[in-house]
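Peer 1: Right, I'll just put the structure down here and ask away after.
The values are calculated or read from the model by the stated rules, or taken from the named source; none is laboratory data. Only a predicted model underlies this, so the values are computations on that prediction, with no experimental measurement involved. FYI the Cβ positions are ideal-geometry reconstructions off the backbone, even for glycines, and counts take in every protein chain you see.
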C-alpha cells in the first residue's frame with residue numbers, strides 16, 4: 001500500500017525541523033521519529049477496541065486496520081486490498097491509479113496513470129500498459145495474452161503453463177492449464193454471473209420485483225450459457241426497472257407493447273420468453289406486427305421535408321390506411337407501397353414542392369423496373385388529387401422494356417458464368433421462363449426439366465404445362 005503524497009513537505013509537522021526520514025504520515029502530515037514517540041501513544045481504537053499507537057491530538061482517529069477495512073472511496077467495494085491512502089480515504093488496488101497525476105510513458109510519451117517498470121533495450125523504463133504488453137502473445141495452453149516462452153515441444157506458453165503445466169479448478173476439480181488461475185472458464189463465468197445478479201437484485205426497491213428478478217436470474221442460465229447470461233444481465237435489468245417504475249405488478253402484453261413498442265420488446269427476447277412462460281401470456285403477433293409497421297411508416301413519413309411532397313405522401317398514407325381498415329390490403333403492403341412512393345419523391349424530386357412527372361417516373365423505374373407494381377397506386381393518386389398528368393400507359397411500356405433488358409443482361413451474365421463451370425442451371429431456368437414466356441413467381445422445386453429431342457433445348461414442365469427453353473450449353477454469348 002502506498003500513501004497519497006499530497007503536497008510534499010520536508011518539514012516535520014510536530015517540531016518544524018527538517019526531515020531526514022519520515023516516521024509517520026497522518027492525514028497527509030509528516031512526523032519525525034521523535035515527534036512520533038511524543039505525539040502517538042498507545043490506546044484502544046475507538047472502533048475496534050484494539051490497542052494501537054494513535055495521535056493524542058485526534059481522539060477520533062482509528063487504527064490502521066480499521067482505516068484499511070473501510071470501503072474504497074471510488075468503487076465502494078469492501079475487502080479489497082488497499083492500494084493507496086488518499087485524503088478522501090482508502091482506495092483499493094484497482095482504483096489507486098486514478099488518484100495519481102498522469103505521467104508520460106518513456107516509450108510512446110502518452111500520458112498515463114498506470115506506468116509500470118519494464119525492460120526496453122536493456123534498460124528499465126516506465127511504460128504505459130500498451131507498451132508494456134507490446135510483446136505479449138496468446139498462450140497456446142491457457143489462451144491468456146502474456147509474455148510467452150518457447151517450450152520443448154515447440155509451443156509458445158506463458159510462464160505458468162510452461163513451468164507448472166496442469167492444475168485443477170478449485171471449484172469443480174477439472175484439470176486446467178495453470179495459466180488460467182484458480183478457476184476454469186465455466187466456473188469463472190458462473191461466479192461472475194452470480195455476483196452480477198446479486199448486485200442487480202439490490203437495485204429494486206419493491207419486494208415483488210426483487211423476487212421476480214431473482215426468479216428470472218435463476219431461469220436465465222437454463223436457456224443459455226453462463227457467459228452470455230453474465231454479459232447480458234445488466235442490460236436486462238433496465239427492462240425490469242421500467243416495469244417496476246410504471247406498474248405495481250406484471251402488466252399485460254398489450255400494456256408492454258404500448259409502452260415499449262415491438263422493437264424494444266424484440267431486444268428483450270429472453271425476458272419476454274420468461275415472462276410469457278411464467279404468466280402463461282399469449283403474444284399478440286398481429287398487434288406486434290402492426291406496431292412494427294407503424295413505427296416504420298412513421299420513419300417514412302418523416303423522411304420528406306415539409307411542402308407539396310410531404311402533403312402528397314401523407315395523403316397517400318391516409319388512402320392506404322383506409323384500405324387497410326376495410327381489409328382490402330395489409331399493413332405490410334401499405335408500408336411497402338408508401339416506401340416506394342417516398343423513394344420516388346426523394347430521389348427524383350429535388351424541391352420541397354416538386355412532384356414527379358412522366359419522365360421522372362420513367363427514370364425512377366430505369367433503376368429498378370420491378371417497382372412498377374408498387375408505384376402504380378401512387379401514380380393514380382397523384383393524377384387524381386394533384387393533377388400530375390403522368391402517362392401511366394407510357395410508364396408501363398417503358399417498365400416492360402426495361403425489365404426485358406434487365407433479364408437479357410442477366411441471361412448473358414449466366415452464359416459467361418457457364419463458361420467458368422459454375423452451377424447456374426437453376427437460375428437459367430427461372431430467368432429464362434420469365435424472359436421467353438413471362439412466367440414468374442415460381443419455385444425451382446415445382447419444375448420438371450428434361451432435354452428435348454434435338455438436344456439443343458430444354459423442356460420445362462410446370463404442372464400440366466410445358467415450356468421450351470434454349471439449352472445454355474448450346475448458346476453462344
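Peer 1: With respect to residue 178, is the statement that it is within 31 Å of the chain's Cα centre (by Cα) and farther than 29 Å from residue 98 by Cα true? Reasoning before the result, please.
Peer 2: Numbers: within 31 Å of the chain's Cα centre (by Cα): no; farther than 29 Å from residue 98 by Cα: yes.
Spelling it out, it is not the case that residue 178 is within 31 Å of the chain's Cα centre (by Cα) and farther than 29 Å from residue 98 by Cα.
Peer 1: Another question, then. So, of the residues in segment 303-327 that are at pLDDT below 85 and assigned to a loop (DSSP other than H, G, I, E, B), which turns out to be farthest from residue 390 (Cα to Cα)?
Peer 2: In this case the residue turns out to be 327.
Peer 1: May I ask you to list the residues in segment 102-130 that are under 29 Å from the mean Cα position of the chain (by Cα) and under 21 Å from residue 149 (Cα atoms)?
Peer 2: 129, 130
Peer 1: Anything in segment 337-359 that is part of a helix (DSSP H, G or I), surrounded by 18 or more Cβ atoms within 10 Å (Cβ to Cβ) and at pLDDT 80 or above? List them, or say none. Please lay out each step first, then the result.
Peer 2: Quick first cut of segment 337-359, residues part of a helix (DSSP H, G or I) only: 337-348, 358-359.
Checking which are surrounded by 18 or more Cβ atoms within 10 Å (Cβ to Cβ) leaves us with 337-338, 340-345, 348.
Passing the criteria: 337, 338, 340, 341, 342, 343, 344, 345.
Peer 1: Quick one: residue 399 ticks every box in (1) loosely packed, with under 15 Cβ neighbours inside 10 Å; (2) under 30 Å from residue 470 (Cβ atoms); (3) in contact (Cβ under 8 Å) with a residue 12 or more places away in the chain; (4) not assigned by TED's automatic domain parsing to the domain that holds residue 435 bar one, so which box is it?
Peer 2: (1)
Peer 1: Further question: Looking at 170, 162 in this structure, which one is assigned to a helix (DSSP H, G or I), in contact (Cβ under 8 Å) with a residue 12 or more places away in the chain and not assigned by TED's automatic domain parsing to the domain that holds residue 191?
Peer 2: Numbers: 170 fails: assigned to a helix (DSSP H, G or I).
Answer to the selection: 162.
Peer 1: Which members of segment 228-247 meet the condition of being in contact with a helix residue (DSSP H, G or I) (Cβ under 8 Å, 6 or more places away or on another chain) and surrounded by fewer than 16 Cβ atoms within 10 Å (Cβ to Cβ)? Please lay out each step first, then the result.
Peer 2: Keep residues of segment 228-247 that are in contact with a helix residue (DSSP H, G or I) (Cβ under 8 Å, 6 or more places away or on another chain), which gives 229-230, 232-234, 236-237, 239-240, 242-244, 246-247.
234, 242, 246, 247, listed by residue number.
Table: residues versus (1) at pLDDT below 90; (2) closer than 26 Å to residue 186 by Cα; (3) assigned to a helix (DSSP H, G or I).
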| position | (1), (2), (3) |
| --- | --- |
| 210 | no, no, yes |
| 214 | no, yes, yes |
| 218 | no, yes, yes |
| 222 | yes, yes, yes |
| 228 | no, yes, yes |
| 233 | no, yes, yes |
| 236 | no, yes, yes |
| 240 | no, no, yes |
| 250 | yes, no, no |
